[in-house]
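Worksheet: the structure to be examined is printed underneath.
The values are calculated or read from the model by the stated rules, or taken from the named source; none is laboratory data. What you are looking at is a predicted structure, and each value in this text was computed from that prediction instead of being measured. Heads up, the Cβs are rebuilt from the backbone with ideal geometry, glycines too, and the neighbour counts pull from every protein chain shown.
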Amino acid sequence: MSITSIHRFLKPAVLVASALSFAFGAQARADEIIVSAAASLTNAFKAVGDAYEQRHPGTKLLFNFGASDVLMQQIAKGAPADVFASADQKAMDKAVEQKVIVPSTRTDFAANSLVLIVPADSRRAPSTLNELTTANVKRVAYGDPASVPVGRYTEGALKAAGVWDAVSAKGVLAANVRQSLDYVSRGEVDAGFVFGTDAAVMPDKVKVALTVPTTTPITYPIAQIEGSRHAADARSFIAFVLSPAGQAVLSKYGFKPAH
């Protein structure tokens, strides 16, 4: 499948995801805080949410996980949300440009790493990025750089290594980082790029071939949505994520402190 055809496949998929998000948000109760967060935060934020709810009886968190840029676009188009957590600074910068967040509440709360993974039973795990250009590697999964932070980090790393053109010709674009993880876990591609925390989700199905240096640090910003109907609760949740208790939960899922 060519990259062009994959792009054509992903566009309707993103539209469907947007429609589902609106329906998802419409079902939220008035007392629920809606948190739109990067797909790589799925497991960790569910645990953070549980810990927060235990400390705040009567408060319910509703999570919407997906590609950071797609979530930002949904919010900009009116999808209900109170908090936005992105997997890179560019997505949050776009949120600032679109005036969908309160800039004064923006803060970094976690850091991550970029890794190259292969199926757990793979006998030819690349030991360098250059090995991705060989005939042994036919398909490589990574997030679409146009809308997925892990894809942007991947593109930057591959360009810095001088192999972007060769590897992108084998690219299988994913709608978010968890889809890239799924492609590798099912053996549908020879290798894929994900965050280190994502690789840890499926240790029995994928293995890390190498940790990839990135041209910019992988940091996660969080902010309150402009016009949130639960502004005080949104700020309270952000404060909890930054607190020692919240950071301890994130650490259990492999995230590092942002500073």
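Scanning segment 187-201 for residues that are among the charged types (D, E, K, R) and within 17 Å of V137 (Cβ to Cβ) turns up E188, D190.
Applying a threshold of 7 Å to beta carbon distances and a minimum spacing of six or more residues, or different chains, the list of pairs starting in segment 204-225 at a residue that is under 11 Å from A258 (Cα atoms) and ending at one that is β-branched (V, I, T) reads P221/T107.
Do we find that D165 is free of Cβ contacts under 8 Å to residues at least 12 places away in the same chain and assigned by TED's automatic domain parsing to the domain that holds L116 in this structure? Yes: the conditions hold for D165.
For segment 122-143, residues that are at pLDDT 95 or above and within 14 Å of K205 (Cβ to Cβ) total 1.
Selection of segment 9-61 for residues being touching a strand residue (DSSP E or B) at 6+ places or on another chain (Cβ under 7 Å), modelled with pLDDT of 90 or more and assigned to a helix (DSSP H, G or I) yields A39, S40, L41, T42, F45, K46, G49, Y52, E53. L116 fulfils the conditions (1) outside any helix (DSSP H, G or I); (2) buried (at least 22 other Cβ atoms within 10 Å of the Cβ); (3) out of contact with any strand residue (DSSP E or B) (no Cβ under 6 Å at 6 or more places or on another chain) except for a single criterion, (3). Considering each residue of segment 220-243 in turn, none proves to be within 30 Å of V137 (Cβ to Cβ) and among the polar types (S, T, N, Q).
If we keep just the residues of segment 234-247 that are in contact with a helix residue (DSSP H, G or I) (Cβ under 9 Å, 6 or more places away or on another chain) and farther than 18 Å from D82 by Cβ, which is surrounded by the fewest Cβ atoms within 10 Å (Cβ to Cβ)?
Within segment 234-247, the first condition is being in contact with a helix residue (DSSP H, G or I) (Cβ under 9 Å, 6 or more places away or on another chain), and the residues that meet it are 234-241, 245-247.
Add one more test, that the residue is farther than 18 Å from D82 by Cβ, and what stays is 245, 247.
Numbers: A245: 13, Q247: 19.
In this case the residue turns out to be A245.
Residues that are surrounded by 22 or more Cβ atoms within 10 Å (Cβ to Cβ), within 16 Å of the chain's Cα centre (by Cα) and modelled with pLDDT of 95 or more do not occur anywhere in segment 155-171. The sole residue among A231, A245, A175, A191 that is in contact (Cβ under 8 Å) with a residue 40 or more places away in the chain, under 30 Å from A79 (Cβ atoms) and not assigned by TED's automatic domain parsing to the domain that holds Q54 is A175. If you go through segment 142-182 and pick out every residue that is assigned to a loop (DSSP other than H, G, I, E, B) and within 19 Å of S122 (Cα to Cα), you end up with 1.
For the subset of segment 85-106 comprising residues that are more than 17 Å from the chain's Cα centre (by Cα) and either among the β-branched types (V, I, T) or in a loop (DSSP other than H, G, I, E, B) (or both), which member is farthest from V70 (Cα to Cα)? Checking each candidate, the answer is T105.
Against the condition over 30 Å from A51 (Cα atoms) and not basic (K, R), how does V201 come out, does it pass? Please lay out each step first, then the result.
Values: over 30 Å from A51 (Cα atoms): no; not basic (K, R): yes.
Against the criterion (over 30 Å from A51 (Cα atoms) and not basic (K, R)), V201 does not qualify.
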